[in-house]
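Below is one structure, written out as structure tokens; comments come after it.
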Amino acid sequence: MPEDHLKKKAVLFLIENYPLDELDQFDKKIFLDNIELSFVAWKKPWATSLNFDQFKELILPFAMEKDADNVFWRERFLKEFSFVEDSLDFYREENSIRSICRIVNIAMARKYKIEFGSSIQPKNLMGWDSIRKGDCQSMSFLTLHILRSIGVPVAEEFTPHWANVNGRHYWNSVLIDGRYYPFIGTESLPGDLKVELVDFTGFCQKRSKVFRRTYERNKQSLFEVNAQLAQPERIPRAYFDSKYIDVSNGIIPVKDLTIDVNVDRSNLFSYLCVSSHKNWAPVSWAKNANGAARFSDMRSEVVYLPAEFKNSAFSPIGFPMILQKDGSVKTLAPNFKALRSVTLLRKYPYDETNLIKIGDSYLLSCWDGSGWKELGSKTATEKVISFDNIPENGLLLLQDLSRGKQERPFTYTDGAQYFW
Amino acid sequence: MTVRFFLNISLVVSTMICLWGCNSGNGRDSLAVIECTKNYLDTAVSFRVETDGYYDVQCSAEILDKDFKPEWQGECLGLYFDVNNDKDRTFGGQQDDRSFNISMSGDSSRVKYRFLTKGKNAYAFECFLTWQNLGSFPKPGDLWGFDMVFADNDGRSGREPSLSWHADDVEFWMNSSLFGNMKFIGPATLVAEMDDVMYCPRSNTDPILDGMLDKSYDYSLQKSINRVLKGNMEGDSDCQVIVTSCWTESGLFIYCDVKDDSLVFSPTPICNIVDRGWITDETGDIVWEVFCSQATHADGASRNRVVNDRIKLAAGNYQLHFVSDESHSPDSWDVEPPGLGFYGIKVSSPKDVVPRKSRLP
């Protein structure tokens, strides 16, 4: 296909999906420069095998931003990292895209670094130029732009919430021979990164979902589906963005999960939430139809709370449930008629600071269907703490009232705590 | 050898199970096999051992390198047992010899342990060894050959000084006749202290493995590890290690209180075992698991490792487990695959009956 025709297609694609909130800052020169420079990148030897659909998502999109010298960042990065092509001679045995990531990582690490917990995060490429450090989300943004500028087909992926610890995570993925490999700029290479690295105790942080950012608006996203309705309903802010696709299937172990929905409910959509920082956070949505909502590609061996979004908040519409490995569901409805004693060692699965501390006061609660019902509190006199008259089959939460914030729901089976 | 094993059907998903009598590539009869075929495999197979004896375990799995550091370059503890106390002049020559290394780098062979930092110049190791791993269950009054060595790493170049409890020969680990003794005694038993005997009192409850001393150790007599085997120690201020111990129905607990003017240990584990293979007994206790320093390269990318071990199993029911992580398995190799045809874990009866020598430091 002639290049001019492809450039017209590229212009159309960018305009059709241009972020509405950036229209007032539209800069025609940068827009056209971006088209030209992206085609330069597409001609790099490692990029020529990409088809237009891959190119338009993985090379073409770029932040329309200039540096302090009024130079478009795409142009600056293209020059700054032009040495990569020569350096490839040293890595003849390796796939060239993997080698480029290796070379770029080394160069990036001299200038930038990942740092969690900082209150100031780079919000754009100018921000990176001055702050030089950022969290995983910021790093994935920077890495994506550097690599796209030199024709490496790269995307950003993320999990909105871990399934069994608090927090979320971002990383990049690069297309090599038709397969996406995750990696993190300055830290890891494609083929090396374990997003869910298992620690030496065998504990593994699980991704609840894996989404890949796109430039194209996803017509199947909640935002777009809702917008098409004659009477759209209020949806959570987390779903205002429609530029991502669900790529969980094939990356993490998934099953479909269908929940019953009371036909009398007026809501059009239901949500599945995972626990996050003592609250429930949505990771998936589904349309209610005929008294049910079917959720696709849900991570198995995770506890979900079915919910609806009403009055700007999530309300549970059922008990938490474990989606088991075989796709069956175990509902965690506490049985207040079958009571037992529990002996607990910790309040969260993360580190030593989550162990029971002698002298601290602890509150044990159970999810009763609508909220955390307090079952009792006591002060620890040993390195374990026991509570009597605890309902079987419940989802429990232990809080240290004396200190700390890290808590996580757990079930109690055969004398052991299983954190979810 | 007659063996019978059975299979937990519900756990077998996308797993090839080699049933009774099948021969693996090496010609040995397999008791149980889990062949890993995909990412996120998480499965277990039950098997039965009819008679006490030695069995071969092979595990081919993905193990990632960290900043590799040999154990002896970090602070580490070595435990040596001559269970029958035959004082053999070799170590590993008899089936009752056992050695275990516990290092701050996180690589610890078949030992459950906890570290607890106690400020800038002090920390504690608390270790737990099952009787299964030690190969015998003692009774009060039993005397085992025993010694221990502590490698002090002060961040100097080269191999660092090391201290022993009893032996005074740097190569004592090759000669169990140089070991001291561990005497298993009942709870609250009065004993006359002897230099070459470490008294290990019985406790009715397992200590909580958290790096802290608790009541279970109350009747233990403390011993110092203070014989300089090599290198220069600069007195008590350089390094002091005080050891206490106890034994329970489950196993042996050893607690080491370490004061060191210069604490240096590997900042990260020397490896990450991302595909995990292990064996549990009827009670669910781990009787064998993969650990880093056992694993050798299995061709292809450096992360492809294979472990070949010979272990003693008592007659009984066991479960073989294998869990693969998110990537690099036969359905999607991330980098160069291993050269071996087999990926997973298997237990088999050995054709030869001579046990391999225990791992040496």
As a percent rounded to 5, the proportion of antiparallel DSSP bridges among beta bridges in the range A:281-400 is 100 percent
One finds the C-alpha centres of the range A:25-87 and the range A:352-420 to be spaced, in Å, by 53 Å
Karplus ³J(HN,Hα) for the range B:187-202 (6.51 cos²θ - 1.76 cosθ + 1.60, θ = phi - 60°; Hz, whole; x = Gly/Pro) runs x, 6, 8, 7, 9, 8, 5, 10, 5, 9, 10, 9, 7, 10, x, 6
From the cross-link list A:56/A:79; A:209/A:310; A:219/A:347; B:112/B:259, the entries with a Cα-Cα span beyond 30 Å are A:219/A:347
Pseudo-spin-label distance residue A:227 to residue B:340, built 7 Å along Cα→Cβ, given in nm, is 5.4 nm
Counting only residues 5 or more apart in sequence or on a different chain, those whose built amide H sits under 5 Å from that of residue A:206 are A:163, A:164, A:165
Interchain or sequence-distant (5+) residues whose placed amide H lies within less than 5 Å of the amide H of residue A:218 are A:243, A:244
Calc'd 3J(HN,Hα), the range A:213-225, phi into Karplus 6.51 cos²θ - 1.76 cosθ + 1.60 (θ = phi - 60°), Hz, glycine/Pro = x, comes to 5, 10, 8, 6, 5, 8, 5, 8, 6, 4, 4, 6, 4
Here the FRET efficiency for residue B:205 versus residue B:286, based on Cβ atoms and R0 = 22 Å and rounded to 0.05, is 0.65
Low-density loop GluC sites (Glu not before Pro), the range A:322-391, at most 11 other Cβ within 10 Å, DSSP non-H/G/I/E/B, are A:382
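Using only the Cα atoms of the protein assembly as shown, what semi-axes does the equivalent ellipsoid have when each is the square root of 5 times a gyration tensor eigenvalue? Give whole Å, largest first.
They are 51, 33, 27 Å, listed largest first.
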Here the membrane-span-like helices of chain A, with no claim about any membrane, defined by DSSP H, Cα axial extent at least 15 Å and mean Kyte-Doolittle at least -0.5, are A:3-16, A:28-42, A:96-111, A:136-149
Any chymotrypsin sites (Phe, Trp or Tyr not before Pro) in the range A:200-269 that lie in a DSSP loop and have at most 16 other Cβ atoms within 10 Å would be A:200, A:203, A:240
So residue A:219 and residue A:11, fully extended at 0.36 nm per residue minus their Cα-Cα distance, gain in nm 72.9 nm
Chain A: antiparallel bridges as % of DSSP beta bridges, rounded to 5, reads 95 percent
For the range B:123-136, in residue order, the Karplus 3J(HN,Hα) values (coefficients 6.51, -1.76, 1.60; θ = phi - 60°; whole Hz; Gly and Pro = x) are 7, 10, 9, 10, 10, 9, 10, 6, 4, 4, 5, 7, x, 6
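Quick note: the coordinates plus some simple rules give every number you see, no bench work behind them. Worth saying up front: this structure is predicted, and the values here are computed from it rather than measured. Counting neighbours? That spans all protein chains shown, and the Cβs are built from the backbone with ideal geometry, glycine included.
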